[in-house]
Every structure is written in structure tokens, then in C-alpha cells.
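Read the structure below first, then the notes.
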């Protein structure tokens, strides 16, 4: 068992004061070149590693970023039930590591605890994914820490914001299905929260329906937790209720994949009997059978850009707030069928 | 913008020294009940939050755990290409949060950097997933920090270890396929590293083949990165090479899911033309069509137990080393067909 080498050991071995070693480490005061070299040699010989926690006490940049991943539902321990978050987190961790930052992850719904974490850990910056209460954001604002919100329609302009245009993207997906000849279309979505991405996607869906002179039957709206199982349950519900539909728009790929499985189990063929379109383009979505037609959003690009902005803001506290909307594209695979019948 | 309340502010407002406030916070010296109550009231009024980084300087337990997720290959940024890791990480984060700990995640192959991180951040404990160089483990040993290894066959008894019996589990999967009447079986696996889980699974596979008097053709071994794409490529390779096989054992579900897609694309039906068995039982594996027959390992239980052991060891540095082997079970779905023909 090796005792940790401290700054005191370095000072003693170099025959200088602790303060002098500290000046060499933080560059705050000038130290003679000779003394500096002596200290650096000793640091090397003893294998001394400066303590970043101690650094956090005097320097603003602790090189530690916080990432908040929403829980799909209160009390759920499966932060990655929707693997969209794991893909996003992977890109954040990678981008941070490339720049010498470390990442603390938290899947939390108790937002007060998180405000405390930011202070306790002296986080240099925070990335927050998803929708939270306004109360949380207004308290967060007082903490004087750079924050990037991903997929948030929060109205505060104090934070950096990265997202896609969820309403338009969902409109794009629905328009595609309509152009394939579908007129009776269901929607399967996560819970519709005020200003949440699911609500925006629902709006975009409705707009496409209306713009094309179609009608949406409210009984064909299925709202549930965003996971595979909800998709399976939705398919069963549509079959049990003899829903008069030829296509389903899902507001997340995990829902769409669950739908495909659910219809398969009920003996309903995708895309022969029913067409399905997703939203996200997860890694898995091209490996399902049939391949999932979906709207691809730039998941990794969002994560990497969030880290880039955050570090720029940490280095330049006066930086202006950034708000960016990422482009998406429709990926056509095999889960939506063209209806050739004249209806 | 609110300035952070410091321990100095608390001391000043309480009319005591900084040291006295510190004693109340860390309980290291006795302070009169009256003074203690006065200080606690001031702490509450000012909204003071102790700095855990500062705490790390004097107290061993920084309440900060490190988790190392291996990169599937050097330079890969997709730490979650194999979603096995995201499921494991979800359970670790949850268990840690329940106990008031925070989690720093790192996907790293540069192990020296990680040893430095442990020291820089004063990590209270570390969970390491997967196989690393012996050199790394012997250096890690010198750092005097509790470590739990998950899925490691590292020979040092200095660390806690949690794993399944990979050789037996793979033997179980292969025996199942053989009992369904298959005699010509291929293996698709991740890279075979000395003492890695993939190598153990390969051994278990070979043992089952031998125990049943069958023969394994080396050209039916396909070794690649553990991701969906490798499975797709393997299927194409088997079809292109007119492999004389009726079943494939995959050493990971992501490989098995890729195989199903790859065979489907080549017009080969699963399980009618070829049977596939996986390993892991990921969340997605019951939602594929057909459902994937696989060996279920207790992913979340491993993650939760790792946190439990780590915290026990942090609180009791004299704790004896724990080594636990978790049970698995075979989950039969639809991807393996019973061969009824008399061969």
C-alpha cells in the first residue's frame, strides 16, 4: 500500500515552501527558472499527481462536467430504457474525454438534489437532457454555471440550447406516410408534457393530418412511457379494438420497434397489413426485420456540440448564448408500404 | 448571479472560527451543543452547501465512484455500441445514487490516464468492467482504493470480483442447440483475448461440441468486434462461403441480432433455415422477430452488487475480498428450431 505523495512531500524534497510548489503548479506567481526545474524534477521522481478536488477550491474550472439524463418515469432505475440516451451519453463522454474533462452522470427526477450536486462538486458545466419544471430552471440560473440544454423548449434565454425542430420533423414523417397513400393513421407517443418534445411531435403530426384534409380519430392516439413494451401494448390495443388504420406514426424508435413486435405477435404483418414509421434512427433501427423507416436525428452531433459549447463557455464566461436547431432527414427502409389501391 | 456561500461566511455569521464550523461538519472534534446549534442555524439561513471537493482533501470518502467501460475497439467513441454496457451502467448509477454517491464514467483504453484520474479525483472506489492488461492491474493495486472488477478473470486477489461462469454458460447454450438436433454449428464471437470472457465462451462452446462427439470446422469460427454490424457481416460470410451449418452460437446478443438481420437480407429464414442463439438477454432481445433464444445473465444484479460491495469496502477498509459468480438461465424464444429429421 503506497501512501499518496502530497504537495508537502514535494516541498520538503525540493527544499522550498509548499507555497512555492503551488505557484509552479498554478502559474499564479513567478518562480525562478532554476527553482521551477528543481521542483518539476522532484514531482517527476516522486510521482506526484496534483489533486483536482483541491484545484476546484481556487480555480473555477474543475474539468468536471455534469450530465443529467431524465428518468423515463419516476422511480425507474433504467436510465437507458430508451437507448436514445445511451447513444447521446456515449458521444458526450467521448467529446469530454478528448478535451481532458471528466463526466458525472445522473439519472434524476429530484431536481433539488441536482442543484446541490452542482455546488457540492463544483461542476464546471452542466448538460441537461429533456424537459423539467420551470422552477428547476430558474433556480439553476442562480448558480452561475454554464449550462447546455438538449431537447428543451424551456423559455429562459440564460442557457445554451441544442435541439431539432420536433414539430417539423414529425410533420415530415407523417407527410411521408400520407404520400405513400395512407389516410387512416394512428399515433403512438410518449407522455404529452407542456413544451416537451413529445407534445411538439404530436402537433406536427396533427398539422400534417389537417393539411392533407384527413381526419384524426382521438381513439387512435396511444400515449405511454417511451419503451419497447409500450409499443407492444399499443399494437395489441389497436388489434383488440379493431382500429380502422393502415399506418402508425411512432414518436420514438423504441416505440416503433415494440409496435413491430406487437403486431407480429398478433399475426398482423408489417408492412403488408400495417405500416410503421419511427423517430430517432437508433443504432438498432436498421437491424430490425423489416428495417425501420424513420426520421434520423443527429444524436452524436448534438452530444459533441453540447460539450464544445460548454467548454467554450467555461473558458469564456462572457460568451453569448447559443441556440442551435439541428437538421434531420427521413430514412426510408421497409416498414412503410406504398398503398397502390384507389381508395 | 449569486456568489457561493463559503465556510468563511458561515464562521463570520456564527461568530466562531472556520475550524469550529469544520468540526461541526466533519464531526472530528467535539463542539458544545449550543455552538453547534448556532452554526447549523446559520448554515440553514445562508443556504451553505459543503464542498465535497474540499471534503476529499481530508476525508477518504469523497462519495465519488469511478466506472470504467471498455471501448469495444481503440479509438471508438461509441462506448455503448454494445448496449450491454448501458444496461450495466444504468444499474450502477441507480444503486450509487440511492446511497448518496455520484458516478464518473469513463470509456477508456489508455489505462495510465485512468490511474491518474483515480488520484486526481480522489475516487472513493472504482468499478472496472472487462479485460485489461496485467500491468494495469498491478499498478492499480498500489493506489489503495477499493476496486470491484466485473467480468474479469484477472488473477490478482487484491480486487473484488463479480462475474458469471462464462465457460459453463456458453456450454449451456451450445448443449441446448445440440439437444435440438443440430450437429453442424458455427460460432460468432468477439475478439478472443487471453483470459477474456469471449475466450472462456469459446472454450465452453468447444467443450460442448467435443462432449457430444461432434466436430467443429475452424472455418465456421467468425471472430469480430461485438456489434450488430459484425453479425450482419458474419451471416453474409457464411452464405457467400456456402457454410455447411444449421445453427450459429453467438457469444453476445448484439451479434445474434445482427446475424438474424444478415440472414434475412440473404433470404435465409431464421429459424426455418438456420437457428441462432445469443448470450446476455438484453432488453431488446425479446422484441426482435423472431424472439431471440439466449442465455440470460443478471446484468442489473451485477451492477447493483458491485456498488454494494464497493461502499461496504469504503466504509470498512479491512473488509475481506469478495468473489461472486452469478447464476444464469437459458431463455427459450423462437430463434432456435428443433430438427426432427433423422440425420
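All of the numbers you see were taken from the coordinates with simple rules; none came from a lab. These figures come from a predicted structure and were not determined experimentally. Here the Cβ positions follow ideal geometry from the backbone for every residue, glycine too, while neighbour counts run over all protein chains shown.
Observations on the structure shown:
- For the pair residue A:340 and residue B:116, a Förster radius of 56 Å applied to the C-beta separation gives a FRET efficiency near 0.30, rounded to the nearest 0.05.
- Only helices enter this figure: runs of n ≥ 4 DSSP H residues, each worth -39500 (n - 2.57), summed and divided by the residues of chain B, yield -13000 deg cm²/dmol at 222 nm to the nearest 500.
- Per residue of B:149-161, other chain Cβ atoms within 10 Å of the residue Cβ number 0 on average.
- Chain A: angle of helix A:228-240 to the longest principal axis, Cα-based, in degrees nearest 10: 10 degrees
- Whole-number percent relative contact order across chain A, with pairs defined as alpha carbons under 8 Å at least 6 apart: 16 percent
- Rounded FRET efficiency, nearest 0.05, which uses the C-beta distance separating residue B:30 from residue B:141 and R0 of 41 Å: 0.60
- Euclidean distance of C-alpha centroids, the range A:285-308 and the range A:105-175, integer Å: 20 Å
- Each peptide in B:297-305, B:310-318 gets a packing score, the mean of other Cβ atoms within 10 Å over its residues, and the list from highest to lowest is B:297-305, B:310-318.
- Cα long-axis angle, helix A:84-98 against chain A (0 to 90 degrees, to the nearest 10): 30 degrees
- Shielding by other protein chains, B:203-209, mean Cβ within 10 Å: 0
- In degrees, nearest ten, helix A:33-46 long axis to first principal axis of chain A (Cα): 60 degrees
- Between copies, the label points of residue B:133, set 7 Å from Cα on the Cα→Cβ line, lie 5.0 nm apart, reported in increasing order to one decimal in nanometres.
- Footprinting exposure proxy for B:287, B:222 (fewest neighbouring C-beta atoms within 10 Å first): B:222, B:287
- Estimated FRET transfer efficiency when R0 is 51 angstrom, pair residue A:241-residue A:98 (beta carbons, to 0.05): 0.50
- Counting, for every residue in B:113-125, the Cβ atoms of other protein chains within 10 Å of its Cβ and taking the mean gives 3.
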